[in-house]
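Accompanying notes for the structure given below.
The values are calculated or read from the model by the stated rules, or taken from the named source; none is laboratory data. Predicted model only: the values in this text are computed from it and were never measured. Cβ placement follows ideal geometry from the backbone for every residue including glycine, while neighbour counts extend to all protein chains displayed. Protein only, heavy atoms only, side chains kept; ligands, DNA and RNA dropped before computing areas. Shrake-Rupley method; radii C 1.70, N 1.55, O 1.52, S 1.80 Å.
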Amino acid sequence: MGKFATIDVALDEMLVNLAAIVLRLSKPEMTRTPEARRALTQSVHQYAVCAARSTDPRVHELKSRLEQTVKPGLRIVAIDGVKVS
């Protein structure tokens, strides 16, 4: 294994560990304020940028899981008991 491969493996491990931290911080009780929500969104975006060049499937799976944490929840809207969306 060359120097670059060793560095890539180390970076992938760091990304996996970082994702675990961000996932713990993404829990609803941790992101109650708008500022906390913005910080989470920024962290997820930065992680995605770093993960883009990784070839480790774990990193890409964690990226997908993190991106799901910042997607807004869908709601059903009804007018007079009739669903409109």
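The table for this structure:
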| quantity | calculated |
| --- | --- |
| Estimated vicinal HN-Hα couplings, Hz - region 3-19 in sequence order (Karplus 6.51, -1.76, 1.60; Gly, Pro = x) | 4, 5, 5, 4, 5, 4, 4, 5, 5, 4, 5, 5, 5, 5, 5, 5, 4 |
| Probe 1.4 Å, accessible area per residue of the chain, Å² | 79 Å² |
| Residue among A51, A39, A19 with the largest mean-square fluctuation in a Gaussian network model of the chain, springs linking Cα atoms under 10 Å | A39 |
| Heavy-atom accessible surface of the chain: percent carbon and sulfur, 1.4 Å | 61 percent |
| DSSP loop trypsin sites (Lys or Arg not before Pro) with at most 12 other Cβ within 10 Å: longest gap in the chain | 1-31 |
| Whole-angstrom Cα spans of the chain along principal axes, big to small | 67, 24, 16 |
| Radius 13 Å from Cβ of F4, net charge of other residues (Lys, Arg +1; Asp, Glu -1) | 0 |
| Fluctuation leader among E67, E35, E13 - the chain, Gaussian network, Cα springs under 10 angstrom | E35 |
